[in-house]
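Everything on this sheet refers to the single structure shown next.
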Amino acid sequence: MTGETGVPGVHLGGEQPAVELADDEPVAADTFAGRVHLEWEPAAPVTTMGQLAFFIEYLKQGGLFEGWVAGCPLYLTSPNAPAKRDVLGTVLLSVLAGHWRYAHITALRADAVNAPLLGMKKVVSEDAVRRALGKIDEAAGIAWLREQLEYCVRPLLGEPWILDVDTTVKPLYGHQQAGEVGYNPSKRGRPSHVYHSYLMAELRLVLEVEVASGKAHTAKHAAPGLWALLDRLGPACAPTLLRGDNDWGNEGVMSEAERRGQPLSVQAASAPRRQAGVGAGDAGDRLARCRRRLAGQMGRGAAAWLEPDAPRRVAAPTPSPGGADRAS
């Protein structure tokens, strides 16, 4: 491949075929409202919900939305209460629209197209969604969401894969539940939440996220959730390798991984920290504990024998005046 000047080009010609333009014929999608036909309007403005009909078809063909609604532990007995399908459908539409607050649900109240495609009768208000979600038992709700998520990802876990554990600190503004002042590198002194995430490497597929208070940011707080996740997956879906940062290289995590026969890879500390002696802190603490344990077993006289020898100080010779002239 050469350009107009005859110099070989940097990028070689690819094998990607030409982009196929959409036909003028309507495209059919099978939704909960029946079979609908969609037409492309090149001159129309782009909307975020324009492709939603095809995603709804995927949810219907896979039975994902029906199973999600049927398994929800939400029970409303009042004759004036909204239907469970309407509540969960409103939450789904709000999430797909990129909303992150209950107040944003109001923007969906005028949508008369997408709600019927999900089989909904109406889009409920933000207050109805808030009250309905508050009636779900916490333990039952967590079990419901875990079951739905594992149903989608479990077929992938039969292949060799790597599990990454990651911790994210999210600063909080205003009063929020479990917001405490802890380790917060970006906003020091501000309350925060901590997200302990367990992801499938390369695909970055999130298997589970635990939200903790700002003070529960270490591997000691995330380890119980990690081992519980591995127990639920079972040996058949266990990861080939478990990866984490240097905080996971502590004695408790390493001992538990060794007991389970789970390979563990821990990221080493950066070079400046290793030079300062911080990267070897865990190893130094373990060595100090071993020394104290042996000293207690062998008697007081062994304590001095177990301690490392103090480095000797050697005074550097002081150059005499005029020594440089004599050396020259």
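The values are calculated or read from the model by the stated rules, or taken from the named source; none is laboratory data. Just so you know, these numbers come straight off a predicted model, no measurement behind them. Please note: Cβ atoms are built from the backbone with ideal geometry, for glycine as well, and neighbour counts cover all protein chains shown.
Which of the residues belonging to the range 130-186 are out of contact with any strand residue (DSSP E or B) (no Cβ under 8 Å at 6 or more places or on another chain), more than 20 Å from Arg232 (Cβ to Cβ) and polar (S, T, N, Q)?
Of everything in the range 130-186, just one residue is out of contact with any strand residue (DSSP E or B) (no Cβ under 8 Å at 6 or more places or on another chain), more than 20 Å from Arg232 (Cβ to Cβ) and polar (S, T, N, Q), namely Gln177.
Is it true that Ala140 is touching a Pro at 6+ places or on another chain (Cβ under 6 Å) and touching a residue at least 40 places away in the same chain (Cβ under 8 Å)?
yes
Given the criterion touching a residue at least 24 places away in the same chain (Cβ under 8 Å) and outside any helix (DSSP H, G or I), identify the matching residue among Gly98, Gly89.
Selected residue: Gly98, the only one of Gly98, Gly89 that is touching a residue at least 24 places away in the same chain (Cβ under 8 Å) and outside any helix (DSSP H, G or I).
Could we say that Pro116 is outside the structural domain of Tyr198 (by TED's automatic domain parsing), under 16 Å from Ala33 (Cβ atoms) and either in contact (Cβ under 8 Å) with a residue 60 or more places away in the chain or among the acidic types (Asp, Glu) (or both) here?
Judged against the criteria, Pro116 is a match.
State yes or no: is Tyr183 of a type outside the set (Asp, Glu) and in contact with a Leu (Cβ under 6 Å, 6 or more places away or on another chain)?
Criteria not met by Tyr183.
Kindly indicate the residue of the range 58-79 that is under 24 Å from the mean Cα position of the chain (by Cα) and surrounded by 17 or more Cβ atoms within 10 Å (Cβ to Cβ) and also nearest to Trp144 (Cα to Cα) among those meeting that condition.
Ranking the qualifying residues of the range 58-79, first place goes to Cys72.
Could you check the range 222-243 and list, in sequence order, the residues that are of a type in the set (A, V, I, L, M) and under 15 Å from the mean Cα position of the chain (by Cα)?
Selection gives Ala222, Ala223, Leu226, Leu229, Leu242.
Sort through Asp127, Asp164 and tell me the only one that's farther than 26 Å from Leu64 by Cβ, among the charged types (D, E, K, R) and either outside the structural domain of Met254 (by TED's automatic domain parsing) or under 16 Å from the mean Cα position of the chain (by Cα) (or both).
Asp127
For Lys187, indicate whether it is over 30 Å from Gly244 (Cβ atoms) and not in a helix (DSSP H, G or I).
In short, no.
For the list (1) at pLDDT below 65; (2) in contact with a Ser or Thr (Cβ under 6 Å, 6 or more places away or on another chain); (3) of a type in the set (D, E, K, R), I need the number of the one condition that Arg291 fails.
(2)
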